[in-house]
Amino acid sequence: MADSEARNEEITLYTGEYCPYCRRVKKELERLDLGYHTVNADADGRNTVIQLSGQRAIPILTIGDEVLVDSNHIIRELRKRYAS
Ligand SMILES: N[C@@H](CCC(=O)N[C@@H](CS)C(=O)NCC(=O)O)C(=O)O
């Protein structure tokens, strides 16, 4: 079982189809074998991104109630928390 599930923390990636930064985060989630949901933020989902993070750039990642912004920061945090 992935660590995120063991800790009962749901991971959600707010992403866009043509977003290279989002692809980097997806790749890292998959490399770490973490289960996650995705929300398409190309359209309506962008309002949620703004509400959650106070800015409009994607990707953002939520882990439980926590909101992470910026692909480099997100990847660093994922490695810190979940890399074995
Ligand atoms: N430094 C940010 C850059 C993210 C970024 O520029 N994302 C683009 C999409 S690839 C974006 O959301 N731009 C603002 C917009 O589309 O309104 C990161 O690494 O996550």
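Structure summary
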read-out	value
Positive minus negative residues near ASP70 (Lys, Arg vs Asp, Glu; Cβ under 12 Å)	+1
Point-to-point label distance, GLU9-VAL67, nm (Cα→Cβ direction, 7 Å offset)	1.7 nm
Relative contact order %, the chain, counting alpha carbon pairs below 8 Å whose residues are six or more apart	34 percent
Cα-Cα P(r), the chain, percent of pairs per 5 Å interval	3, 16, 29, 27, 16, 8, 1, 0
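Readers should treat all values here as calculations from the given coordinates under stated rules, not as data from a laboratory. These figures come from a predicted structure and were not determined experimentally. Note that each Cβ is placed from the backbone with ideal geometry, even for glycine, and that neighbours are counted across all protein chains shown.
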